[in-house]
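Undergrad: Sharing a structure, written as structure tokens. Questions coming.
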Amino acid sequence: MSDPLLWHRLQFAFTIIYHYLFPQLTMGLALLIVVLKIVGLRTGRAKWDDAARFWIRIFGINFAMGVVTGIPMEFQFGTNWARFSEIAGGVIGQTLAMEGMFAFFLESAFLGLLVFGERRLGRRGHFLAAAALFLGSWLSGYFIVTTNAFMQYPVGHEVGPGGHLHLVDFWAFVLSPWALAQYAHTMMASVVTASFVMAAVGAYYALQGLHGGQARLFLRIGVAAGLLSSVLVAFPTGDLQAKLVAEHQPVTLAAMEGRFESGGMAEINVIGQPNVRERRLDNPIRIPGMLSWLAYGQFHRNVRGLNEFPEDVWPDNIELLYYAFHVMAGLGTLFILLMATAAVFDWRGRLGRSRLLLWILMLAFPFPYIANTAGWMTTELGRQPWLVYGILRTADGASPTVHAGTALFTLIGFSGLYFVLGLLFLHLIGREIAHGPTALNPNEGTAALAHGAEVPRD
Amino acid sequence: MIELWFAIAALMLATYVVLDGFDFGAGALHLFVAKSDQERRQVLAAIGPFWDGNEVWLLATGGVLFVAFPKVLAAGLSGFYFAIFLVLWTLILRGIAIEFRSHIEQPLWRAAWDVVFGVASALLPVLFGAALGNLLRGLPMNQEGWFSLPLFTDFTASGEVGILDWYTVLVGVFALLAIVGHGGTYLAWKTDGTVHARSRTAATWCYATVAVLWPIVTAATAAVNATLYEALSSRPLAWLALAAALGGIVSVVLGLRGHRPLQAFLGSSAFLGGLLGATAALVFPVMLRATSGDDLSLTAYNSAVPPASLRIALGWWVIAAPLAVVYFVVLFRIHRGKAIAPRQGEGY
């Protein structure tokens, strides 16, 4: 209780998990909105613009939540992880500052135009605003993932006097292979979330018999994008990521799979409970050779177990890491199966008539959120006990002057505030979905333009 | 190179204060200058397209401090722990208030968010002002360059100090009045009708008080930090900045009296920017001043990362900064003219 480290870690974990519930939707949705706007531009049919307008409203509320919950993240590096900031600021400060200067300015300048500027900008202009926001939010994701990738696999730096890290090779840092693989994996996973949400809203309308054309549109786009992105999350991006972990963090890989002994023909454990005290996996169901193959591309290759590493470099919460990884990988597999089934039904023109499948699609939307959260936990727990892998231990990165009670107090503060915001957020999203997609009233549109033209200029 | 990064950080901070300052000020004023829902939406329409981008300057300034002077960021944020979280929670509530208010047309819902928005907008300048006061007064830094301050102790500005004492509260109040005045000139520029008239009156009163308080705050600063003004004779930039601040306040008075609200707003911006610029020029190279001994202060020189890292950062900064300026020019051009409250269901 008196160790502040625990509360610093819990606070950061809580605030970032909560924060990431919003960007994972907005980043994926930004892409889908661009797709809707492109089709709308090319076909000239209003239903695509109507669909885009509906999703832009959902996007707006989520984006606001993402912005306000994102502000504390940057500050917590300093408030709670002051030693880490002091030591690594010369490197990770670069990407965090670039995120502000390149991505946030772009996003904030075009968000208002996307949400409120459709009449003012016209079709082409509104599409450009959507494209700018897509670019900004995906750029933002890249800078954050690059920051994290450095903590996982430090490159491009130099260790100076006092252990401070300095950037010497900019391109090695921003084009780190770890960053590229993790970025592709993360962004595809965010498209999965957005696709599932879109399909779920479509399924809800279809089951209720509401907004017939829009329901079909949401379902088709959701299922098509969902299938494509679910497959891409697993292969090649997830596979690439796993190979990097195997190469650079072998102890993490062993902990993720609950593997205590080394050996060839290493197995994937579909189910099982890691028993750290006895150093074994209880009740496993195994697929022999799969882990060797996934990690190294050969079934017989040796995969090292935890016993080969000193205990002080083992991740400090092997159980949670193991479960988080298995939840992520398990759900990812189910996503492919579900979306493939839905795609087959759609292809045969039977998606709208299978109430069971619609029910499943409607209720499936929380699971990408769970998988994304589990994936993030896998990444961060797997990196332990390091803040910067092999260079700075988590225990050495916390603020020296902040007491345990102080950190606990602010954790409680965030919990209360975020709980209330969460309720209000759900209420608003519920209202938007109940309201549904609507057409732009043409009379109102011209009236607004005429009104806008009369605005006195200063 | 280090001097350049100090200047960049100071410039970005001043930009932040001038930009987010007008939406803080407008937010703090809106409970008083806008009474009906229609009037309040007029205020929100005036700042709605900008406030999010304005706030990004805070994050970008934090990012610049992080990359160039990481020790300053680390010591400052962890030392002011409680105050920082107060700022963060207030920023969260304020941002949510602006966004959520528009989505439900219900008097009670809107009134509640209006109060949150107004109170948060007023609290933030006080907190930021008090933070500036702390930097000027000095901090009890230890040998490793860390400190930790309680929220307040006995309100004296020497000995066992807290974040709030008579001096930092004075600076906080001064900041509040200046920011509210700034927001008043902005609203006078961007609105018409009753909101315009009330904002103009409010800005006049705020700036009258600011003009009275300015010498008092200056004297108080000399009392808590005797060394600060010694540098004045050798810092031409500080003179220049002070002249800008003085010119700014004259321009505010002339602009408000002569019904040229844009001139008043620009003058107000020059006043805020000039004051901050003068402060930066006077404290340089000290960033976190130690009361426990001059050699314990964190300066630009002892907390900067090596030149190679600074050069790398400059490489992308010179691309990013003009882009940011272009976005803002485009944004202000698109939303030029008086703000009009949108019809129901169209936001804000």
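The values are calculated or read from the model by the stated rules, or taken from the named source; none is laboratory data. All values derive from a computational prediction rather than experimental measurement. Here the Cβ is made from the backbone with ideal geometry for all residues, glycine too, and neighbour counts use every protein chain on show. The accessibility values were calculated without ligands, DNA or RNA, using every heavy atom of the protein model including side chains. Shrake-Rupley method; radii C 1.70, N 1.55, O 1.52, S 1.80 Å.
Undergrad: Go through the range A:116-134 and flag every residue whose accessible area shrinks by 30 Å² or more with all protein chains in place compared to the isolated chain (probe 1.4 Å).
TA: So the qualifying set is A:Phe116, A:Arg119, A:Arg120.
Undergrad: Just counting partner chain Cβ atoms within 10 Å, what average do the residues of peptide B:300-313 show around their Cβ?
TA: 5
Undergrad: Roughly how far apart, in whole Å, are the Cα centres of the range B:116-135 and the range B:283-312?
TA: 25 Å
Undergrad: Using Cα-Cα distances under 8 Å and only pairs 6 or more residues apart, what relative contact order does chain B have, in percent?
TA: 26 percent
Undergrad: Over the heavy atoms of A:His435, what accessible area does a 1.4 Å probe trace out, to the nearest 10 Å²?
TA: Solvent-accessible area, nearest 10 Å²: 110 Å².
Undergrad: Still on this structure: Sort the range A:216-362 into rounded, prolate or oblate with this rule: let a ≥ b ≥ c be the square roots of the eigenvalues of the Cα gyration tensor; rounded if a/c is under 1.5, and if a/c is not under 1.5, prolate when a/b is larger than b/c, oblate otherwise.
TA: It is prolate, given that a/c is not under 1.5 and a/b is the larger ratio.
Undergrad: Name the residues of the range B:81-119 whose amide N is less than 16 Å from a point 7 angstrom out from the Cα of A:Thr438 along the C-beta direction?
TA: Taking a point 7 Å out along Cα→Cβ of A:Thr438, the residues of the range B:81-119 whose backbone N falls under 16 Å are B:102-106.
Undergrad: So, one more: Would you be so kind as to identify which of A:Gly160, B:Phe332, A:Phe102 lies farthest towards the positive end of the dipole of the protein assembly as shown, taking Lys and Arg as +1 and Asp and Glu as -1 on Cβ and the Cα centre as origin?
TA: In the protein assembly as shown, that residue is B:Phe332.
Undergrad: Using the Kirkwood formula on the Cα atoms of the protein assembly as shown, what hydrodynamic radius do you get, in angstrom to one decimal? List each step's numbers first, then the result.
TA: Values: mean 1/r = 0.0357 Å⁻¹.
Final number for the Kirkwood radius of the protein assembly as shown is 28.0 Å.
Undergrad: Students sometimes get this wrong: rank B:Ile334, B:Ile249 by accessible area, probe 1.4 Å, all chains present, largest first.
TA: Numbers: B:Ile334 50, B:Ile249 25 Å².
These residues rank, largest area first, as B:Ile334, B:Ile249.
Undergrad: Determine which lysines satisfy two conditions relative to A:Lys37: a Cα distance under 25 Å, and not lying fewer than 8 residues away in the same chain.
TA: In chain and number order, the partners are A:Lys47.
Undergrad: Whenever you get a sec, line up B:Val115, B:Val252 from highest to lowest accessible area (probe 1.4 Å, protein heavy atoms).
TA: Descending accessible area places them as B:Val115, B:Val252.
Undergrad: If you take each beta carbon of peptide A:406-418 and count the beta carbons of other chains within 10 angstrom, what is the mean? Don't jump to the answer; show the numbers that get you there.
TA: Working: counts 4, 1, 0, 3, 7, 0, 0, 5, 4, 0, 1, 5, 1.
That works out to 2 on average.
Undergrad: Using the alpha-carbon atoms, what tilt in degrees (0 to 90, nearest 10) does helix A:82-98 show relative to the longest principal axis of chain A?
TA: Tilt of helix A:82-98: around 40 degrees.
Undergrad: I've got another one for you. Taking only protein heavy atoms and a 1.4 Å probe, what accessible area per residue, in Å², does the range A:339-438 have with all protein chains in place?
TA: Computed with neighbouring chains in place, this is 47 Å² per residue.
Undergrad: Please work out whether the range B:38-83 counts as rounded, prolate or oblate from its C-alpha gyration tensor, where a ≥ b ≥ c are the square roots of the eigenvalues and a/c under 1.5 means rounded, while otherwise a/b larger than b/c means prolate and anything else oblate?
TA: Verdict is oblate for the range B:38-83.
Undergrad: Which residue fluctuates most in the GNM of chain B (Cα springs below 10 Å): B:Thr279, B:Thr61, B:Thr227?
TA: Result for chain B, Cα springs under 10 Å: B:Thr227 fluctuates most.
Undergrad: Next question, about the same structure. I'd like the FRET efficiency for B:Ala222 and A:Ala340, computed as 1/(1 + (r/R0)^6) with the beta carbon distance as r and R0 of 60 Å, rounded to 0.05. Could you put the intermediate results ahead of the total?
TA: Working: r = 74 Å, r/R0 = 1.24.
Taking R0 as 60 Å, the efficiency between B:Ala222 and A:Ala340 is 0.20.
Undergrad: While we're here: What do you get for the angle between helix A:239-248 and the principal long axis of chain A? Use alpha-carbon atoms, 0 to 90 degrees, nearest ten.
TA: 30 degrees
Undergrad: Counting only DSSP beta bridges with both residues in the protein assembly as shown, tell me the antiparallel percent, nearest 5.
TA: If we restrict to bridges inside the protein assembly as shown, about 90 percent are antiparallel.
Undergrad: Further question on the same structure: Quickly work out the A:Ile17-to-B:Glu160 label distance, labels modelled 7 Å from Cα along the C-beta direction, and quote it in nm with one decimal.
TA: For B:Glu160 paired with A:Ile17, the spin-label model returns 3.9 nm.
Undergrad: Continuing with the same structure: Round to the nearest 10 and report in Å² the accessible area of A:Trp55, as given by a 1.4 Å probe over the protein chains' heavy atoms.
TA: Here the residue's solvent-accessible area equals roughly 0 Å².
Undergrad: How large a share of the accessible area of the protein assembly as shown, in percent, is made up of carbon and sulfur atoms when the probe is 1.4 Å and the other protein chains stay in place?
TA: 69 percent
Undergrad: Per-residue accessible area for A:Leu320 at 1.4 Å probe radius, Å² rounded to 10?
TA: Number for this one is 70 Å².
Undergrad: Within 10 Å of each Cβ in B:87-95, how many Cβ atoms from other chains are there, averaged over the peptide?
TA: Across the residues of B:87-95, the mean count of other-chain Cβ atoms within 10 Å is 6.
Undergrad: Can I ask one more? How far apart, in nm, are two points set 7 Å out from the Cα along the Cα-to-Cβ line at B:Glu105 and at A:His427?
TA: 1.9 nm
Undergrad: Can you give the % of DSSP beta bridges in chain A that are antiparallel, to the nearest 5? Could the numbers behind the result be given before it?
TA: Values: 12 of 12 bridges.
The answer is about 100 percent antiparallel.
Undergrad: Any idea what angle helix A:105-116 forms with the longest principal axis of chain A, computed on alpha-carbon atoms, 0 to 90 degrees, nearest 10?
TA: 30 degrees
Undergrad: Arrange the residues B:Asp154, B:Asp52 by how much accessible surface each exposes, largest first, with a 1.4 angstrom probe.
TA: Ranking B:Asp154, B:Asp52 by accessible area, largest first, yields B:Asp154, B:Asp52.
Undergrad: At a 10 angstrom cut-off on C-beta neighbours, averaged per residue, how do the peptides A:389-395, B:188-194 rank from highest to lowest?
TA: Answer by packing, highest mean first, reads B:188-194, A:389-395.
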